[in-house]
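Working notes for the structure below.
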Amino acid sequence: MLRLCALAGFKDVGIARLSLQAGSSRLVPARRDAYVIRLLIADHQRKVGTCPIEKLTTRTKKKSSPSTLLVRSTYRYHPDTQQQAMAHLTTNAFTRRFLTATARPTVNKLNLSSTRAALSSLAQYPQHRSPKAQSSLKSAAPLSTLNSRQIQTAADSSAVNPDKIPSDDGEKFKITLDADYYQTYKCDAPSLELEMTKAELVQMYRWMVTMRRMEMAADALYKQKMIRGFCHLAIGQEAVSVGMESAIKPDDKVITAYRCHPFAVLRGGTIKGVIAELLGRKDGMSSGKGGSMHIFTPTFFGGNGIVGAQVPVGAGIALAQKYLNQDDKHATFIMYGDGASNQGQVFEAFNMAKLWNLPAVFVCENNLYGMGTSAERSSSNTKYFTRGDQIPGLQANGMDVLSVHNACKYAKEWTTSGKGPLLLEFITYRYGGHSMSDPGTTYRSREEIQHMRSTNDPITGLRNRLLEWNVIEEAELKAIDKQAKAEVDVAVEEAKKSPEPNPETDMWTDIYYKGTAPKWMRGREKEEVHRYKPEECKAYRMVLQVTAKWYIIMA
């Protein structure tokens, strides 16, 4: 239902006209002291319900496409609330679904204060409200629950003073981020100014291009049926992994869900290791036995296939850091998606992390869609950064690598200074489906995907700024692109040449930590019993000896 409480039912007063189609929103005068509001909303999945405002006329018609319904209605409202009413309309959860992909710059400039002003204006004109509007206003949502402004997700909105860009690649210079990049919950926003060097910016670009090339190669191999099973790609979300890695240290810990390939490489793995693992080869990062969702390094605790299960595990890693007195130096970044945010174990991990003040940064990678379902259809509260209860939260633009870098740096400083956990939410977007079996176009339009690719792409956004700020020449950027493609192509060919694991021998390895294996592992039949080598079960024998001595002493 479209809720327009800010426009609630004025009688016999000035009228305004507002046209919403394909993301446009503008006020058009109809006559001298009167305007007409017109709402034009097209969507084949929803129908416009009754509104808590006074409807004058309604006309419906179908366009050429039988699935598209146009609803045109006229409403009354007081002209003094013209701007505030439009602000509330475009920040409404219903209309935001249309405006997110088509008119984001318009929505980005709206904020909660405009909505509050609209409701305040309504209170000033009680004589103009109809009885129906009076009852509608009584049931309207309180100010604390109204939708606030949308986060800016443009990838190239940062600014810099061209006169202050140094010639030296290693010298830092100041960059100013867009004011609409952050929203906060129980904490202050990070500074909009950050310092970077030319070399760091170029490295970010190189990483993002390489990660996308790797994911594109995995996509091609899957379609050639060389990769079997699950495969979740992060094409479109490169700014999150690269921005995070550029802001933290090698000794910080990261754990994520199934969209994990870029994190594995950036956290110490190799492209060959990731591709070989996807192909099920011995040179894979898990010896070809883990697959897409089970890739690890000493500071990267994987991909995890069970939705939300990695969140309490990540809280345990943060607990270990605190137990080892490392909480003032290092943090654990616990990644999960908007689909996993409704899992009960996530809230349990929140509670324990805050109770024990763990150095945990919970990171919701919100790409707006779960497995075939938009966030609005599955979550009553889509502002995931506010779900931590006593844990402060920060929502940030996940399509700008500099925004992610700044937010992660702020989050680590927060947790390592003894303030406890912090909840980050990055608004990002995946170009493909949830997994390779999902076309990704049954629950969103191709036009929406193409719009995000053409206007909000994180790689293109950084590329444009590097050229605008004269950080690098276009020929050098093309050389980086070519080098990234060549690097991935070589890694793919090497991964293809890697042998497959031997089921008879490799089935028994990598089950226990080295030196802790038991003497044997029992199979279903006598022939299936596997006996480990003495060096593999040395520690296990020591445990048995200590246990035996303990029993003797107790006896």
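Please treat every number below as a calculation from the coordinates, not as lab data. Please read these numbers as outputs of a predicted model, since none were measured by experiment. Every residue, glycine among them, receives a Cβ derived from its backbone with ideal geometry; neighbour counts consider all protein chains shown.
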What residues have an amide H closer than 5 Å to that of L424, excluding those fewer than 5 places away on the same chain, when H is modeled at 1.01 Å from N in the peptide plane?
-> F362, V363, C364, L394
Short version: ³J(HN,Hα) in whole Hz for each residue of the range 242-254, in order, from phi by Karplus 6.51 cos²θ - 1.76 cosθ + 1.60 (θ = phi - 60°), x for Gly and Pro, what are they?
-> 5, x, 5, 4, 6, 9, 10, 9, x, 7, 5, 10, 9
For the table K289/K354; K198/K329; K186/K329; K282/K354, the rows whose alpha-carbon distance is greater than 31 Å are K289/K354; K282/K354
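Rounded, prolate or oblate, given the Cα gyration tensor of the range 196-250, with a/c below 1.5 counting as rounded?
Prolate is the answer for the range 196-250, as a/c is 1.5 or above and a/b outweighs b/c.
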Gain in span if fully extended, R453 to S191, counting 0.36 nm per residue against the direct Cα distance | 91.5 nm
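Please report the net charge: other residues with Cβ closer than 15 Å to the Cβ of E277, K and R +1, D and E -1.
Neighbourhood net charge equals +3.
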Based on the alpha-carbon gyration tensor of the range 237-333 and its eigenvalue square roots a ≥ b ≥ c, which shape applies: rounded if a/c is under 1.5, prolate if not and a/b is larger than b/c, or oblate?
-> prolate
How do 310-319, 181-190 rank on mean C-beta neighbours within 10 Å, highest first?
-> 310-319, 181-190
Residue-by-residue Karplus 3J(HN,Hα) for the range 304-309, coefficients 6.51, -1.76, 1.60, Hz, glycine and proline x = 9, x, 8, 4, x, 5
Give me the aspartates and glutamates in straight-line cross-link reach of K519: C-alpha distance below 18 Å, same-chain residues under 8 apart excluded.
-> E504, D506, D510, E527, E528, E535, E536
Once fully extended, how much extra length lies between L355 and S380, figured as 0.36 nm per residue of separation less the alpha-carbon to alpha-carbon distance?
-> 6.5 nm
How about K478: which aspartates and glutamates have a C-alpha closer than 16 Å to its C-alpha, ignoring those fewer than 8 places off in the same chain?
-> E468, E487
If you add up the charges near Q224, with Lys and Arg at +1 and Asp and Glu at -1, over every other residue whose beta carbon is less than 14 angstrom from its beta carbon, what do you get?
-> +2
Just add up the charged neighbours of D169: K/R +1, D/E -1, any other residue whose Cβ is under 12 Å from the Cβ of D169.
-> -2
Here FRET efficiency (C-beta to C-beta, H530 to K485, R₀ 56 Å, nearest 0.05) is 0.80
With each label point set 7 Å from Cα along the Cα-Cβ vector, what nm distance links K282 and K225?
-> 2.7 nm
Between E493 and N325, what is the spin-label point distance in nm, taking each point 7 Å from the Cα along the Cα→C-beta axis?
-> 5.3 nm
In nm, to one decimal, how far is the modelled label at S437 from the one at K519, with both set 7 Å along Cα→Cβ?
-> 4.4 nm
What's the extension gain from K249 to E171 if we count 0.36 nm per residue and subtract their Cα-Cα distance?
-> 26.1 nm
For the range 184-220 and the range 429-484, compute the distance between their C-alpha centroids and round to whole Å.
-> 12 Å
